[in-house]
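Down below is the structure, laid out as structure tokens.
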Amino acid sequence: MKKLRIALVPLAIVAVAAMAIMLAFGGHVTSASAAAGGSDVLHGQVMKPRPAKGASPQAVTNSLMTYHGGPISTAPHVYINYWGTKWATGFTTGGYTSAQAQTYLNGFFGGIGGSSWGAIDTQYCQGVAIGATSCPAGSAFVGNQTGLLAGTWNDTTSIPKHISQSNIASAATRLMQHFGYDANAIYFVMTPSGQSMSGFGTQWCAWHSNTSTSSGNIAYAYQPYAPDAGTSCGMNFVNSTNNSFGNGYFDGFSITGGHEWAEAETDMNPNTSSTVAWQGPGGGSDENGDKCAWNQNGGVSANISLGGNNYAVQPIWSNNSTTGSGSHCVTSHA
């Protein structure tokens, strides 16, 4: 399978421990739009693109996750903002329609609640000692209830030509205002094909962060139109051929979107260094999704079945279980 070689560009590092892009780990990093003359700074945890053939993978650790005092989602929900008029009018890429992309995304987030893959995060909790690597019985654990997808909405607000993180945060806030405030929710912003924030596919595939609103703090994530980045962000990573449902072509949606969801519910405030929750020794670029991204640390990506359809997922780091080969990167949990 042909792999897209990613050309890396220098980025300015700001010394605040929270996330990483490309060469910097554990710090806020100026995004490509800032390098082009803007002032946007990407605050949040990012999933880096798939390494090109022969390139070194992301520098994550093979050490247990530790608790840092921040909140997790004890009763998670996902709300999706399909931002932009193109979702309403419809578009086609690679022989697939935008409606098929939405069916794939809605089916994935509608099905992972209550699944054995979704259960991996339920070992993590809040309110235990700083530095803890496990949680005693009776702790406030991450939830895994069915009905995870609580609502979708097509926000027809115009998408600016140059999308900034503040634009994404505003779209997430509009989504929260549309459905109501939920402190346990992850508010996902999805932009259509051809309209993504600078850096997508070359510096990152998706990311999650948090922002303050008049109702309270919200956790949110940004998932651009994954097929636009091709194999760099997961296309055909698990399924080498495409079928009518979109397996293969849409693999990146569930791999990168699932990555951000798994991280967000175990680290709801990644933008605030004093209130981060579960991270590895590498900080913001060493969350439970990062450790196993693109099959690092012995992980193996695979299809999971949800609602009668298959969805490609990456393994997620588990502190308290391993695979038969001894890897902490697992795709299911009791």
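Can you tell me which of 159-168, 86-95, 128-137, 289-298 comes out highest on packing, and rank the rest after it, using the mean Cβ neighbours within 10 Å? Walk me through the numbers on the way to the answer.
Numbers: 159-168: 16.6, 86-95: 14.2, 128-137: 12.1, 289-298: 23.2.
Top of the packing list down: 289-298, 159-168, 86-95, 128-137.
Please report the net charge: other residues with Cβ closer than 14 Å to the Cβ of PHE188, K and R +1, D and E -1. Walk me through the intermediate numbers first.
Working: positive: ARG174; negative: ASP155, ASP182, GLU260, GLU263, GLU265.
Here the count lands on -4.
What's the ranking of 148-155, 222-229 by average number of surrounding C-beta atoms within 10 Å, highest first?
On the way: 148-155: 18.1, 222-229: 25.2.
Going from most to least packed, we get 222-229, 148-155.
How do 58-65, 311-318 rank on mean C-beta neighbours within 10 Å, highest first? Before the final figure, lay out the partial values.
Numbers: 58-65: 18.4, 311-318: 27.9.
Packing proxy ranking, top to bottom: 311-318, 58-65.
What nm value, rounded to one decimal, do you get for the distance between ILE130 and ALA334 when each label is placed 7 Å out toward the C-beta?
Each label point lies 7 Å from its Cα, and together they span 3.4 nm.
Compute the signed sum of charges (Lys and Arg +1, Asp and Glu -1) over the other residues within less than 15 Å, Cβ to Cβ, of GLN145. Mind dumping the intermediate values first?
On the way: positive: none; negative: ASP121, ASP182, GLU265.
So the surrounding residues net to -3.
In angstroms, what radius of gyration and Dmax does region 63-330 have, counting Cα atoms only?
Over region 63-330's Cα set, Rg and Dmax evaluate to 17.3, 51 Å.
Work through the residues other than VAL238 whose Cβ is under 14 Å from its Cβ and net out their charges, Lys, Arg +1 and Asp, Glu -1.
So the environment of VAL238 carries a net charge of 0.
Give me the count of lysine pairs in the chain whose alpha carbons sit under 29 angstrom apart, restricted to pairs 8 or more positions apart or on different chains.
Qualifying lysine pairs in the chain: 13.
To one decimal place, what orientation-averaged projected area in nm² is obtained for the convex hull of the Cα set of region 256-334?
The number I arrive at for region 256-334 is 5.8 nm².
Post the alpha-carbon centroid distance, region 83-125 to region 280-334, in whole angstrom.
19 Å
Taken together, the values in this text are just the output of simple stated rules run on the coordinates, not laboratory data. What you see is a predicted model; the values in this text were computed from it and never measured. Here Cβ is always computed from backbone atoms with ideal geometry, including for glycine, and neighbour counts include all displayed protein chains.
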